[in-house]
Structures are given as structure tokens and as C-alpha cells.
1. Considering each residue of region 195-207, count those that are assigned to a helix (DSSP H, G or I), touching a residue at least 40 places away in the same chain (Cβ under 8 Å) and of a type in the set (A, V, I, L, M, F, W, C), and give that number.
2. For region 83-96, give me each residue that is in contact with a Leu (Cβ under 7 Å, 6 or more places away or on another chain), assigned to a helix (DSSP H, G or I) and touching a residue at least 24 places away in the same chain (Cβ under 8 Å).
3. Taking region 15-44 as the search range and keeping residues that are of a type in the set (A, V, I, L, M, F, W, C) and within 21 Å of PRO195 (Cβ to Cβ), which one is nearest to the chain's Cα centre (by Cα)?
4. Cβ-Cβ under 8 Å, sequence separation 6+ or interchain: first residue in region 26-44 and on the phi < 0 side of the Ramachandran plot and open to solvent by 60 Å² or more (accessible area, probe 1.4 Å), partner modelled with pLDDT of 80 or more and part of a helix (DSSP H, G or I). Which pairs?
5. Going by what's in this entry, would LEU184 be described as of a type in the set (A, V, I, L, M, F, W, C) and more than 30 Å from VAL224 (Cα to Cα)?
6. State which residue pairs qualify: first residue more than 17 Å from LEU7 (Cβ to Cβ) and inside region 208-228, second residue aromatic (Phe, Trp, Tyr) and open to solvent by 40 Å² or more (accessible area, probe 1.4 Å) in any location, beta carbons under 7 Å apart, and separation of 6 or more residues or different chains.
7. When the residues of region 81-98 are narrowed to those that are farther than 11 Å from LEU11 by Cα, modelled with pLDDT of 85 or more and hydrophobic (A, V, I, L, M, F, W, C), which ends up surrounded by the most Cβ atoms within 10 Å (Cβ to Cβ)?
8. Quick test for you: out of LEU147, LEU171, LEU152, pick the one residue that is in a helix (DSSP H, G or I) and either over 21 Å from the mean Cα position of the chain (by Cα) or exposed (fewer than 13 other Cβ atoms within 10 Å of the Cβ) (or both).
Amino acid sequence: MAGRVLLRGMLAGILAAFLAFGFARIVGEPQVDRAIAFEAAHDAAEGEPPEEELVSRKVQSSIGLLTASVMYGAAYGGVFALAFAVAFGRVGQVSPRMLALLLAVAGFVAVVLVPDLKYPANPPAVGNPETIGQRTATYFEMVVFSLCAMILSVLAGRALLARLGAWSAWLCGCALFVVLVTVLQLALPTINEVPADFPAALLWHFREAALGMQVVLWGALGLVFGLLVDRMPELHGHHGVVRG
């Protein structure tokens with residue numbers, strides 16, 4: 001059964017990736033083109049030669065983006081399915097579809113929203129190439145810490161269920177998550193490498209598009225996966241753990 005759940009997770013991730021790709025093509029790629037144009041104009045003004053393209057912009061924005069989206073979606077779908085298999089029957093008496101939606105919301109908050117509040121996505125022309133290693137490391141540290149905070153908060157809420165009831169227990173879990181995330185946000189270094197003359201509106205729209213793509217991906221993943229596992233009769237009528 002675990003293999004069937006995993007297959008449905010990867011399928012849901014791929015379908016969600018196609019939707020996210022469509023959103024990125026319509027909303028995100030125009031912002032990338034504007035940022036590249038700004039960077040080229042800035043380099044030309046300083047007398048620097050244009051950088052040679054190893055992969056053409058046309059390929060990057062089409063087949064390259066689609067390939068990356070599908071691989072990303074399949075990987076996240078598989079991990080999502082494994083998380084569903086572990087959580088089913090352990091986080092309360094909820095249906096498979098509702099659990100999928102709750103996991104999608106929790107995953108989006110922990111993996112996307114919290115890290116982006118500290119280290120938001122940046123378009124081309126923003127960021128010092130010499131600090132890319134540091135920026136990548138701190139971002140993934142934020143992702144890992146945020147996931148750990150989410151897991152601890154869920155476990156805390158589950159431990160308080162019998163004593164406080166469902167509503168109060170999960171409120172305490174949410175409060176713990178907020179406290180842990182706040183501490184993490186303050187503890188990790190702040191990185192701001194946006195050029196002073198970079199258009200603020202362009203930066204804002206790019207970050208909106210990047211976050212919107214993730215909303216589409218995680219929302220579609222939760223909805224599609226929920227529909228797929230809800231059709232598995234072996235998941236109804238009991239709240240045990242999905243077993244292989």
C-alpha cells in the first residue's frame with residue numbers, strides 16, 4: 001500500500017508541476033526578462049561585455065523551466081506521500097483528503113513561507129556571486145530548522161490533545177511554532193544585496209511571482225493527492241498507519 005501511495009504522490013506532484021510551470025511562464029518569466037534587461041543595461045553602462053549564454057534564454061524559459069518544474073514536483077510529491085503515510089492515523093481522526101490538505105498547508109508554511117520571509121527569492125542582477133555559497137547554506141538551514149520546528153509543534157499539539165482538547169492543543173502547537181520560527185529568524189544572519197538602483201516594483205513583482213508559483217504547486221499537490229488517495233478504499237473505515 002505504501003508503494004501505491006508513493007506513486008500517487010509523485011503523479012500528483014507532476015500534475016501540480018505542470019500547473020506551476022504555466023503560472024511561472026505567464027507571471028514569472030516576464031519579471032525575469034525585465035531583470036535581465038536591467039542587468040544588461042547596467043553592465044553596458046559600466047562598459048562591461050555581456051555575459052556569454054551557456055543555455056539560451058528561450059530554452060531556459062521553456063523546456064528548461066518545464067524540466068526543472070517536473071523534477072521538482074515529482075520529488076516533492078514523493079516526499080509528500082511518505083509524510084502522508086507516516087501521519088495517517090497519528091494526527092487525529094481526519095479523512096485522507098483532509099489530511100492531504102493539512103499536510104500541503106503545513107509543508108508550504110514550513111518549506112516555503114517561513115524561509116522566504118527571511119530569505120526571499122531574488123531576480124537576476126540581485127546578489128553578490130561571491131556570497132552564493134553562504135546564501136545557499138543559510139537558506140537551507142532555514143528550511144531544515146523550519147521543518148524541525150513544524151514537527152516539534154505537531155508533536156507538542158498531539159501530546160496535549162488528551163489534556164486540553166483538540167482546539168486548545170493545536171493552538172498551543174501553533175504558538176510554539178511561531179515562537180521557534182521567530183527565534184530562528186532572529187538567530188540567522190540577514191542578507192541584503194539588492195542594488196540601490198534596482199527597481200523596487202520589479203523586485204516586488206518577481207517575489208510575488210516566485211511565491212505564487214509555490215502556492216500553485218503546493219495547493220495543487222494537496223488537492224490532487226487528496227483526490228487520489230481518497231479513492232483508495234483501504235484508507236477508509238480505519239485510522240491506522242499506512243503499511244506496506
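The values are calculated or read from the model by the stated rules, or taken from the named source; none is laboratory data. Keep in mind that this is a model prediction, so the values were computed, not measured. Here Cβ is always computed from backbone atoms with ideal geometry, including for glycine, and neighbour counts include all displayed protein chains. Ligands, DNA and RNA are stripped out before the accessible areas are found, and what is left, the full protein with its side chains, is counted by its heavy atoms. Shrake-Rupley method; radii C 1.70, N 1.55, O 1.52, S 1.80 Å.
1. Residues flagged as assigned to a helix (DSSP H, G or I), touching a residue at least 40 places away in the same chain (Cβ under 8 Å) and of a type in the set (A, V, I, L, M, F, W, C) within region 195-207 amount to 3.
2. Residues satisfying the conditions are ALA83, PHE84, PRO96.
3. VAL32
4. Qualifying pairs under 8 Å: ARG34/LEU202.
5. yes
6. Cβ pairs passing all conditions: GLY212/PHE23; MET213/PHE23; VAL216/PHE23.
7. Per the stated criteria, the residue is PHE84.
8. Testing whether each residue is in a helix (DSSP H, G or I) and either over 21 Å from the mean Cα position of the chain (by Cα) or exposed (fewer than 13 other Cβ atoms within 10 Å of the Cβ) (or both) leaves just LEU171.
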